[in-house]
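**Q** Handing you a structure now.
The values are calculated or read from the model by the stated rules, or taken from the named source; none is laboratory data. On a predicted model such as this, the values are computed, not experimentally measured, just so you know. Glycine also receives a Cβ, built like all others from the backbone with ideal geometry; neighbour counts cover every protein chain displayed. Note: accessible area is taken over every heavy atom of the protein model, side chains too, but ligands, DNA and RNA are not part of it. Shrake-Rupley method; radii C 1.70, N 1.55, O 1.52, S 1.80 Å.
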Amino acid sequence: MSRGGPTTLAGRAITTVLVVGALALGGVGVAVASPSVGRASAPAVAVRWGAAHPVEPAGGHPSAISCPTPAFCAVADTAGGIVLDAAGTWTAPSGVDAVGITSVSCASATLCVAVDGTGDALVYDGSTWTTQHLDTVALTSVSCVVAATQCVAVDVAGDAFGYVTGVWSAATPVASAPLSAVSCATTTSCEAVDAAGNAYAYTGTWSIATSLGSASLLSVDCPTATFCVAGDDAGGVDVLSTGVWTPDHAVLGHTDGVVAVACASGTSCVALGQDGAAAVYAGSWAAATQVFPADNGVGASCVAAASCTAVSAAGSAATFNGTAWSGPTGVDARPGRLTGVGCGAPRFCLAVDDTGQASRWNGSTWSARQPTGLGSLSAVSCAGTFCMAVSDNGGAVPFVHGTWRHARSIDPSALTGVSCVSSRFCAAVDAANHVLTFNGARWSAPRTMRVAQAQARGYNAVSCVTPTFCVAVDENGNELFFGAGRPFLHQAVACAATACRYNGESFSIPLTGVACATSRLCIAVDEEGNEVTYTARGAVRSWSRPGHIDAYRLTGIACTRIGYCLAVDDNGGTVIYDRGQWRAASRLVPLGAISAVACTSRATCAVTDASSAALGTATR
């Protein structure tokens, strides 16, 4: 199953597994119909998108650090930001890239190069970052020679690119596996390592592979032309000294990967583990100490035996003075990631994040974030100006008359979706196959709606049109109908025996979102870019077979009462359903991976990615 990027089953036939007539909604038989919507001749409808509005503050998970001198460091992060340390003072994150930065290296305070996952290189001249498109695949690492104007970048295709005084060379094939790291000690001496456990030396040309073992190599640092240290994903290192690699497989004392190595000389290095522990080398490796408690290490850089700096995934920095570590202190704290959005009117929306904060849209701007009284929020739904938010820790909190009210714990399991019809009725679903309902005063206990638990597997989303008609979707490709009548599961998306198999095992396609315009029209979307539509015409209730509408993972869908729906994906795409037909996917929304969508009765939709939101209105 695809969790991002183009779907893996786009060219395969997907069939629905259902016994016709075996299910009933209020005593009416249901059947599987051929796709009830056209996909060839789309109506003339479009969405006019406004600019992306930043909702979360700048900052992100640090991904790399480079310190060419004791008085200057640069930290790159996964939000496309750079944080600079000049003589002990850290700047605020400065957004220099639209995507996450994978590596950064500085030759001096006036020459740094950062690379990202889209093949771009960003060059810093002491005041400005300039973007240059270098590659067609992700760049994984870059190394600049200290006090020189030469750098080398490597990518996931096993290629290397040279940078000399402002000019990049064409790609040079180096490895058949993805290159994970590179380090250059001089303009004629570099070492690169790959995911297959191989090392490659550069001495004017690149050497053939030297195998260092079966472990995947994650990092490398070369303080001199004759000494390098490479770290692997099993917690060990290999040391290159005078042309010979020597393994040390127990540097960190556990199997967590050595995500970064940093050396000031051939007798002074630091190995940073993924679990936040670090080991120091001074001719031999000392026992590892915990530098970032309850956090992950991501990068380290040393300019002297008594001057090393490491950074963590949560945005902290710690320094080593040759004897002990100090800190950590916050330098690039990760902001919240937007996880849900709900709109009760074109000028009223709430966006929530995974730190328990919420922002309000008033038609022109988003408010500053406000605490809701809960922790990690997973979803929000609004009916008029009343909203209900739910969290990963089983809590729910209402928003009434402009104020977040008392938060309550209503479920021991993670709540994954919520849908409100009014201030007197909401329904929520959890990851343990339960449904809960709110009557305006209190929540019911979690219940299975009399559905056999062997058939369900973790509800992901829910949509209600009235208190008597709701639909939830789950990880097994099921739709759960509940409300009036007997609740039941319908297998919305499944695969034939030969279509959904991986390593000899069969699997179902998880449904990621569902939206009902009315009790006669509901649409669910899945991880493989498919939709399945429920329609009711008179006494006939039917589902379409899955239709492929997007090349990427669909992350959600929202519908208005007029039958206009918008599906969203994890590659900044939207797909419109209008007047019974789907349009082709569009990439016009000014966001990245879309995390949530909500639409009002006027076909005005709000979409969010991890940090920003955009509003769009349907026009004909």
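**Q** Can you work out which of the residues in the range 446-470 that are small (Gly, Ala, Ser) and either over 32 Å from the mean Cα position of the chain (by Cα) or modelled with pLDDT under 95 (or both) is surrounded by the most Cβ atoms within 10 Å (Cβ to Cβ)?
**A** My answer is ALA456.
**Q** Another question about this same structure. Return the residues of the range 563-579 that are touching a strand residue (DSSP E or B) at 6+ places or on another chain (Cβ under 7 Å) and part of a loop (DSSP other than H, G, I, E, B); say none if nothing qualifies.
**A** Passing the criteria: GLY563, TYR564, ASP570, ASN571, GLY573.
**Q** Give the residue that is nearest to ALA195 (Cα to Cα), with candidates limited to residues of the range 260-278 that are surrounded by 24 or more Cβ atoms within 10 Å (Cβ to Cβ) and aliphatic (A, V, I, L, M).
**A** That would be ALA260.
**Q** Now, a different point. Might you let me know whether the range 191-210 holds any residue that is in contact with a strand residue (DSSP E or B) (Cβ under 7 Å, 6 or more places away or on another chain), more than 16 Å from SER105 (Cα to Cα) and surrounded by fewer than 15 Cβ atoms within 10 Å (Cβ to Cβ)?
**A** Checking the range 191-210: at least one residue is in contact with a strand residue (DSSP E or B) (Cβ under 7 Å, 6 or more places away or on another chain), more than 16 Å from SER105 (Cα to Cα) and surrounded by fewer than 15 Cβ atoms within 10 Å (Cβ to Cβ).
**Q** Residues that are among the polar types (S, T, N, Q): list the strands (runs of 3 or more DSSP E) wholly contained in the range 310-421 that include at least 1 such residues.
**A** Passing ranges, in order: 316-320, 325-330, 338-345, 357-361, 377-383, 386-391.
**Q** In this structure, does SER214 turn out to be open to solvent by 20 Å² or more (accessible area, probe 1.4 Å) and modelled with pLDDT of 95 or more?
**A** Against the criterion (open to solvent by 20 Å² or more (accessible area, probe 1.4 Å) and modelled with pLDDT of 95 or more), SER214 does not qualify.
**Q** While we're looking at this one, here's another question. When only residues in the range 49-70 that are open to solvent by 50 Å² or more (accessible area, probe 1.4 Å) and in a loop (DSSP other than H, G, I, E, B) count, which is farthest from ILE594 (Cα to Cα)?
**A** Looking at the filtered set, the residue picked out is PRO70.
Listed here are the residues, each with its yes/no results for (1) in contact with a His (Cβ under 9 Å, 6 or more places away or on another chain); (2) under 18 Å from LEU511 (Cβ atoms).
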{"residue": "ALA389", "(1), (2)": "no, no"}
{"residue": "PRO398", "(1), (2)": "yes, no"}
{"residue": "HIS401", "(1), (2)": "no, no"}
{"residue": "HIS406", "(1), (2)": "no, no"}
{"residue": "PHE438", "(1), (2)": "no, no"}
{"residue": "GLN453", "(1), (2)": "no, yes"}
{"residue": "ARG457", "(1), (2)": "no, yes"}
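**Q** Can you tell me how many residues in the range 434-445 are part of a loop (DSSP other than H, G, I, E, B) and either over 33 Å from the mean Cα position of the chain (by Cα) or buried (at least 19 other Cβ atoms within 10 Å of the Cβ) (or both)?
**A** 5
**Q** I've got another one for you. Can you tell me which residues in the range 169-190 are β-branched (Val, Ile, Thr), touching a strand residue (DSSP E or B) at 6+ places or on another chain (Cβ under 7 Å) and closer than 23 Å to ALA260 by Cα?
**A** Hits for the range 169-190 are VAL174, VAL182, THR187.
**Q** When you go through ARG405, ARG442 one by one, which is the residue that is touching a Gly at 6+ places or on another chain (Cβ under 9 Å) and modelled with pLDDT of 95 or more?
**A** So the residue among ARG405, ARG442 that is touching a Gly at 6+ places or on another chain (Cβ under 9 Å) and modelled with pLDDT of 95 or more is ARG405.
**Q** Every residue in the range 532-552 that is in a loop (DSSP other than H, G, I, E, B), surrounded by 24 or more Cβ atoms within 10 Å (Cβ to Cβ) and at pLDDT below 95, please.
**A** Scanning the range 532-552 gives a single hit, PRO546.
**Q** Can you tell me which residue among ALA618, ALA596, ALA614, ALA603 is buried (at least 18 other Cβ atoms within 10 Å of the Cβ) and within 17 Å of the chain's Cα centre (by Cα)?
**A** Only one candidate passes the filter, namely ALA596.
**Q** Moving on to the next point. Out of (1) surrounded by fewer than 21 Cβ atoms within 10 Å (Cβ to Cβ); (2) under 20 Å from ALA613 (Cβ atoms); (3) at pLDDT 95 or above, what's the single condition that is false for ALA368?
**A** Single failed check for ALA368: (3).
**Q** Write out, first by first residue and then by second, each pair whose Cβ atoms fall under 6 Å of each other, whose residues are 6+ apart or on separate chains, and whose first residue, in the range 506-528, is free of Cβ contacts under 8 Å to residues at least 60 places away in the same chain while the second is of a type in the set (Phe, Trp, Tyr) and open to solvent by less than 10 Å² (accessible area, probe 1.4 Å).
**A** Within 6 Å, the pairs are CYS522/TYR534.
**Q** Next question. Being open to solvent by less than 10 Å² (accessible area, probe 1.4 Å) and in contact with a Ser or Thr (Cβ under 7 Å, 6 or more places away or on another chain) is the filter; apply it to the range 471-491 and report the residue that is modelled with the highest pLDDT.
**A** Step by step, filter the range 471-491, then rank; the result is VAL471.
**Q** Turning to a different aspect of this structure: Just name the residue that is farthest from CYS565 (Cα to Cα) out of those in the range 591-620 that are of a type in the set (Gly, Ala, Ser) and not in a loop (DSSP other than H, G, I, E, B).
**A** Per the stated criteria, the residue is SER612.
**Q** Being under 22 Å from the mean Cα position of the chain (by Cα) and modelled with pLDDT under 95 is the requirement here; does ALA333 meet it?
**A** yes
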